[in-house]
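Okay, structure first, notes after.
The values are calculated or read from the model by the stated rules, or taken from the named source; none is laboratory data. Owing to the predicted nature of the structure, the values given are computational and were not obtained by experimental measurement. Here Cβ is always computed from backbone atoms with ideal geometry, including for glycine, and neighbour counts include all displayed protein chains.
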Amino acid sequence: MLAFILFLIIIWIVLGLVGAVVHGLIWLTIIAAVLFVLTLLFGGRSFNGRRGSRL
């Protein structure tokens with residue numbers, strides 16, 4: 001699951017950079033930023049529940 005979350009974060013960063021560099025694709029940067037935040041929240045929520053299972 002961690003690998004998938006990291007993969008998504010990398011994809012959102014790349015899309016954000018492409019949107020920032022290519023003229024007229026600022027909407028891609030905004031979408032990538034929103035998805036980046038949602039991925040961080042989802043990843044933090046899913047790993048927060050596992051904290052009690054470790055010693």
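Brief remarks follow.
- Any hit, segment 35-52, residues being of a type in the set (A, V, I, L, M), surrounded by 14 or more Cβ atoms within 10 Å (Cβ to Cβ) and either at pLDDT 90 or above or in a loop (DSSP other than H, G, I, E, B) (or both): yes
- Taken residue by residue, segment 4-16 has no member that is part of a helix (DSSP H, G or I), small (Gly, Ala, Ser) and modelled with pLDDT under 90.
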